[in-house]
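Read through the structure below, which is laid out as structure tokens, and then see the notes.
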Amino acid sequence: MTKQLRAAGIWGTGSAVPERILTNADLEKMVDTSDEWITTRTGIKERRIADEGQATSDLAAAAGRRALDAAGVAPEELDLIIVATVTPDMMFPATACLVQMKLGAINAATFDLSAGCSGFVYALDVAARCVASGGYDRVLVIGAEVLSRITDWTDRSTCVLFGDGAGAAVVGPVSEGRGLLSSDLGAEGAQGHLLTLPAGGSLLPASLETVQERKHYICMQGNDVFKFAVRIMEETTLKSLQKCGLGPKDIDVYIPHQANIRIIDAAIKRLGIPREKVLINVQWYGNTSAASVPIALNEAQAAGMIKDDDVVVLVGFGAGLTWASAVLRWGR
Ligand code: UT7
């Protein structure tokens, strides 16, 4: 990071997914699709679906609680909570406020961040810079989604892709040389129309018509997003590595956004990263948007893939269109 006052990194991670599993076989009964199509085109076998009444803030608080435990931080020690999501509990208040209440993190400031599937990496970058500046000491960063509520279950081109879940990380000061080494965030706003939820905002408020026209659901031009994803994963990974004087060969663990196994495979092939260094769990959860990178990061940690001083690279891409990558040297 440029002009860094102190090193900032991840103290602990956690994740939470709903218990209910929706398999490809279940989807075969809902729309004209097949396990074979979903598996070969996306790599997804199953995804988790939130129970009725289970909101984004519930999954976010559960993941947050686990990250706090892993970091050895009490809720009231937090001074900031950032929730990255495209499925907030409601338009306002921010989901981060609801999480603050659920955790009892009474001393934390709160805000939500909307950057689609790049949201967690965007929020991690913001959090690390807040800590590096000396303004905040303990920040809880959460990526959480209940995408099943904005999925059109009659549209086979999108409903097979998404799932629900949450992942979290506690960010704080770390020893010199560790933590966030560099990052690269960006957006191509002109491509925003490729992935939207058209209605319910100030442009197209909810009405009988918007409901009848199914405009409160995810609307995606998958092919174009696919091409963008493969290109940007390579570009942003190289850019953030270059900023801290590293290259793809220095990566110990690569944590990409889990949207489609073909996107991940194409990107790591271009970058020359062997698959054993890559955490892949898209087969179990599908695309959980902002939750995907922190769930994968937490799983990589739980599986013992990450050791102190490893170079860990996180990469997200999605609605916006946005992208974000971060290079971390692991450890406190
Ligand atoms: O999180 C960030 C944002 N999202 C993404 O990263 C998603 C990026 N895009 C993708 O992953 C892929 O584009 C998809 C998985 C969404 C689609 O895969 P594709 O290989 O690009 O398929 P396609 O859209 O070109 O469709 C190929 C065919 C079409 O039939 P025709 O026109 O060739 O007869 C579709 O109608 O597959 C058909 N199709 C399906 N068939 C069975 C589309 N969805 C399904 C389905 N089951 N679920």
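Structure summary
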{"quantity": "Residue tally, condition among the hydrophobic types (A, V, I, L, M, F, W, C) and more than 22 Å from the chain's Cα centre (by Cα), over the stretch 191-209", "calculated": "5"}
{"quantity": "Test for VAL83: is it crowded, with 21+ Cβ neighbours inside 10 Å, under 27 Å from LEU185 (Cα atoms) and within 16 Å of the ligand (Cβ to nearest atom)", "calculated": "no"}
{"quantity": "In the stretch 238-261, residue farthest from ALA290 (Cα to Cα) [restricted to those that are assigned to a strand (DSSP E or B) and away from the ligand (no atom under 16 Å from the Cβ)]", "calculated": "VAL253"}
{"quantity": "Unique residue being under 27 Å from ASP250 (Cβ atoms), away from the ligand (no atom under 16 Å from the Cβ), buried (at least 18 other Cβ atoms within 10 Å of the Cβ) and not assigned by TED's automatic domain parsing to the domain that holds LEU103 when the list is ASP125, ASP184", "calculated": "ASP184"}
{"quantity": "Scope the stretch 291-319; condition in contact with a His (Cβ under 9 Å, 6 or more places away or on another chain) and small (Gly, Ala, Ser); matching residues", "calculated": "SER292, ALA296, GLY316, GLY318"}
{"quantity": "Cβ pairs under 8 Å, 6+ apart, first in the stretch 240-268 and assigned by TED's automatic domain parsing to the domain that holds GLY304 and more than 26 Å from TYR285 (Cβ to Cβ), second more than 16 Å from the ligand (Cβ to nearest atom) and among the charged types (D, E, K, R)", "calculated": "LEU241/ASP250; LYS243/ASP184"}
{"quantity": "Test for GLY116: is it within 16 Å of VAL282 (Cα to Cα), in contact (Cβ under 8 Å) with a residue 60 or more places away in the chain and surrounded by 24 or more Cβ atoms within 10 Å (Cβ to Cβ)", "calculated": "no"}
{"quantity": "Residues of the stretch 304-332 classified as touching a residue at least 12 places away in the same chain (Cβ under 8 Å) and either assigned by TED's automatic domain parsing to the domain that holds ALA84 or more than 11 Å from the ligand (Cβ to nearest atom) (or both), total", "calculated": "20"}
{"quantity": "Subset of the stretch 216-237 that is touching a strand residue (DSSP E or B) at 6+ places or on another chain (Cβ under 9 Å) and not in a helix (DSSP H, G or I) - its residue that is farthest from SER289 (Cα to Cα)", "calculated": "GLN221"}
{"quantity": "The one condition in (1) away from the ligand (no atom under 16 Å from the Cβ); (2) in contact (Cβ under 8 Å) with a residue 40 or more places away in the chain that GLY272 fails to fulfil", "calculated": "(2)"}
{"quantity": "Pick from the stretch 220-237, criterion within 14 Å of the ligand (Cβ to nearest atom) and free of Cβ contacts under 8 Å to residues at least 40 places away in the same chain, ranking: nearest to LEU185 (Cα to Cα)", "calculated": "ARG231"}
{"quantity": "Criterion (in the same structural domain as LEU103 (by TED's automatic domain parsing), within 30 Å of LEU241 (Cβ to Cβ), of a type in the set (Ser, Thr, Tyr) and within 16 Å of the ligand (Cβ to nearest atom)) met by exactly one of THR42, THR13, THR23", "calculated": "THR42"}
{"quantity": "First in the stretch 31-42 and touching a residue at least 40 places away in the same chain (Cβ under 8 Å), second anywhere and polar (S, T, N, Q) and near the ligand (Cβ under 7 Å from one of its atoms), Cβ under 8 Å, 6 or more apart", "calculated": "ARG41/ASN260; THR42/ASN260"}
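The values are calculated or read from the model by the stated rules, or taken from the named source; none is laboratory data. From a predicted model like this one, the values you see are computed outputs, not experimental measurements. Because the Cβ atoms are built from the backbone with ideal geometry, glycine has one as well, and the counts that use them run over all protein chains shown.
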